[in-house]
Amino acid sequence: MAIAEPIEPSAEGRRRLRLASPATREGIGELDVQTATDVAAAVERARKAQPDWAALSFQERGRHLEAAARRLAEAPDRFVEVIERETGKPPAEILSAELLGACDALRFYARRARRLLADRRVPLHLAKTKKLRICYRPLGVVGIITPWNFPFMLALNPTAQALVAGNAVLLKPSEVTPFSGRLVAELFAEVGLPEGVLQCLSGDGETGAALVEAGVDKISFTGSVATGRKVAEACGRRLVPCTLELGGKDPMVVCADADLERAANGAVFGAFANAGQVCVSTERVYVEDAVADEFTRRVLEKTRELRQGPEGEADVGPIIHEPQLEVIERHVRDAVAKGARVLAGGRRNPAYPGLYWEPTVLADVTHDMDVMREETFGPVLPIMRVRGEEEALAYANDTRYGLNANVWTRDKRKGTRLAGRIVAGSAVVNDCMTTYGLPESPFGGRKDSGIGQVNGEIGLKSYCHAQSIVVDRFGSKSEFLWFPYGARKSRLLKRLLRLLWSTPLGRLVS
Ligand code: NAD
């Protein structure tokens, strides 16, 4: 059974999908695909609810976020259960990567929004007769479209930011994991969020496309490059601002002076956490020749210790979406056909009917293989030997993606320098993946990995319009630059230009 399989339409004529667990392939529920008419009605409800929500103070809005964090922290089991049923992830992974991050984001934005989005008076460097105030106004109604790999956290995090800034939100989670996305709306409803301020739409690409076309004030999209392009095109046509958080092919650079034990642990976690279904997964390793054998030996030893399967304790869960398993299989097959050696894994796990791919380590890989060029989004770690740091950087940058990167060396200054030369939205030294999880840190890709940034001050402000309000201070009857024009005014303006921009006095004044 496919993971989201079409079934007979509903009585109202909506398309319907049947969902199955990726871990066991047993049915777990059904889903109506909401239409453009449903979406339009939701936008109307959101428009009605938004002004009252925006009229509340930051503290009042923040209180809802704090209450949501508390509720999540006090009773996480229901959330873990729903996410586990839908994704097959090990509970510890759900708690660490979905719930812990969600609580952190909720409290961070609840407490910081007031300061980060406070009205600011900005002194003017030249126009001393005016006062400037910058006010961060909510945009209005924000559409948030999310993927299936972290179905709770990636839905909750942008939602919390948009809400605390005073927007109403229409959330459209992935059709592959709709119930985990719906938990976000349930959580906020349980802590008393006013009706209409956050609505969850159910459906697939049809519903997402309808949301983009529905006249909302911003689209915050997280997903694949291919869909991101369609969203950007539609937003461009409608002049709707959008942020696009897209795929990656993150490089790991292991220098000869790295702590190899930490680097090997980091490689295994960076590549196999969430079964490799992380936008900032380590997808390719470049290791200096001198330490390549020892690094690879340690990686293999740790890979063989990983546990997989639906029963008991496990480290590596299933692939959540069946077509992704086919991508993984195709990349590994292509690599082997072009000369790569499989050192571990390299196949579907034959012990289980679910969508399990064995943690895979590849050697002798080259840049003409798909596994080094396209996003694999699965538990596959290709390792390539390089002659030195310069060669590692050249390979790291030989990609159309630019999301994140990690560099491993005992010399932290060198690590920071090398990381800065990788064209990526963010980078990590002697660690992996942490950038998305830090609410202070702006996050967003370069090249095909996206447009705009989310999280932190930049992310929060992206849910606002910075409205500048200029006030005249002295109330004189007219201004020098106003009418009438004429030869005399031109002469005076030329003198003013010279005075201000070509004399020492001008440098002092402006
Ligand atoms: P996807 O692009 O297939 O789907 C994402 C969402 O878009 C889903 O909700 C889907 O229903 C919706 N959608 C589909 N067609 C649409 C359309 N025409 N208009 C509007 N919405 C539409 O992505 P996916 O397979 O769910 O997610 C995996 C991808 O997401 C990977 O490439 C991964 O790297 C990326 N990702 C990026 C980040 C990041 O922060 N950069 C985070 C997580 C995942």
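When the residues of segment 225-268 are filtered to those that are surrounded by fewer than 18 Cβ atoms within 10 Å (Cβ to Cβ) and more than 16 Å from the ligand (Cβ to nearest atom), the one that is farthest from Phe377 (Cα to Cα) is Leu239. Selection of segment 174-195 for residues being free of Cβ contacts under 8 Å to residues at least 24 places away in the same chain and not aliphatic (A, V, I, L, M) yields Arg182, Glu186. Return yes or no: is Ile451 touching a Pro at 6+ places or on another chain (Cβ under 8 Å), of a type in the set (A, V, I, L, M) and surrounded by 13 or more Cβ atoms within 10 Å (Cβ to Cβ)? So Ile451 does not fit the description; no. Against the list (1) at pLDDT 95 or above; (2) surrounded by fewer than 16 Cβ atoms within 10 Å (Cβ to Cβ), the condition Glu311 fails is (1).
Within the set Ala75, Ala118, Ala110, Ala127, the sole residue that is surrounded by 14 or more Cβ atoms within 10 Å (Cβ to Cβ) and among the hydrophobic types (A, V, I, L, M, F, W, C) turns out to be Ala110. Considering every residue within segment 316-330, establish whether at least one is at pLDDT 95 or above and over 30 Å from Arg18 (Cα atoms). No, the conditions are met nowhere in segment 316-330.
Per this entry, Val122 is not counted among residues that are more than 10 Å from the ligand (Cβ to nearest atom), hydrophobic (A, V, I, L, M, F, W, C) and within 30 Å of His321 (Cα to Cα). Here segment 118-158 is the region considered, the condition is being aliphatic (A, V, I, L, M) and farther than 22 Å from Phe221 by Cβ, and the residue that is nearest to the chain's Cα centre (by Cα) is Ala118. Considered as a group, the residues in segment 125-160 that are closer than 22 Å to Ala234 by Cα and of a type in the set (S, T, N, Q) include one that is nearest to the ligand (Cβ to nearest atom), and that residue is Thr146. Against the list (1) surrounded by fewer than 19 Cβ atoms within 10 Å (Cβ to Cβ); (2) more than 26 Å from the chain's Cα centre (by Cα), the condition Asp370 fails is (2).
Condition check ((1) touching a residue at least 12 places away in the same chain (Cβ under 8 Å); (2) within 21 Å of Asn157 (Cα to Cα); (3) away from the ligand (no atom under 14 Å from the Cβ)) across all residues:
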{"residue": "Arg387", "(1), (2), (3)": "yes, no, yes"}
{"residue": "Glu390", "(1), (2), (3)": "no, no, yes"}
{"residue": "Leu393", "(1), (2), (3)": "yes, no, yes"}
{"residue": "Ser426", "(1), (2), (3)": "yes, yes, no"}
{"residue": "Cys432", "(1), (2), (3)": "yes, yes, yes"}
{"residue": "Pro442", "(1), (2), (3)": "yes, yes, no"}
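Being surrounded by fewer than 24 Cβ atoms within 10 Å (Cβ to Cβ), in contact (Cβ under 8 Å) with a residue 12 or more places away in the chain and among the hydrophobic types (A, V, I, L, M, F, W, C) narrows it down to one of Leu171, Leu139, Leu198, Leu156, so name that one. Steps first, please.
Numbers: Leu171 fails: surrounded by fewer than 24 Cβ atoms within 10 Å (Cβ to Cβ); Leu198 fails: surrounded by fewer than 24 Cβ atoms within 10 Å (Cβ to Cβ); Leu156 fails: surrounded by fewer than 24 Cβ atoms within 10 Å (Cβ to Cβ).
Within the list Leu171, Leu139, Leu198, Leu156, the selection yields Leu139.
Can you say whether Thr207 is farther than 25 Å from Lys461 by Cα, within 15 Å of the ligand (Cβ to nearest atom) and within 17 Å of the chain's Cα centre (by Cα), as far as the supplied structure shows? Against the criterion (farther than 25 Å from Lys461 by Cα, within 15 Å of the ligand (Cβ to nearest atom) and within 17 Å of the chain's Cα centre (by Cα)), Thr207 does not qualify. Taken over segment 1-35, the residue count meeting the criterion of being in a loop (DSSP other than H, G, I, E, B), of a type in the set (Asp, Glu) and touching a residue at least 60 places away in the same chain (Cβ under 8 Å) is 0.
For segment 211-221, indicate whether the set of residues that are surrounded by 24 or more Cβ atoms within 10 Å (Cβ to Cβ), near the ligand (Cβ under 8 Å from one of its atoms) and of a type in the set (Phe, Trp, Tyr) is non-empty. Yes - at least one qualifying residue is present in segment 211-221. Out of Ala168, Ala73, one residue alone is away from the ligand (no atom under 16 Å from the Cβ), within 16 Å of Lys461 (Cα to Cα) and of a type outside the set (S, T, N, Q). It is Ala168.
Scanning segment 159-181 for residues that are more than 18 Å from the chain's Cα centre (by Cα) and of a type in the set (Lys, Arg) yields a total of 0.
The values are calculated or read from the model by the stated rules, or taken from the named source; none is laboratory data. Since the structure is predicted, the reported quantities are computational estimates derived from the model, not experimental observations. Virtual Cβ from ideal backbone geometry, glycine too; neighbours counted across all protein chains shown.
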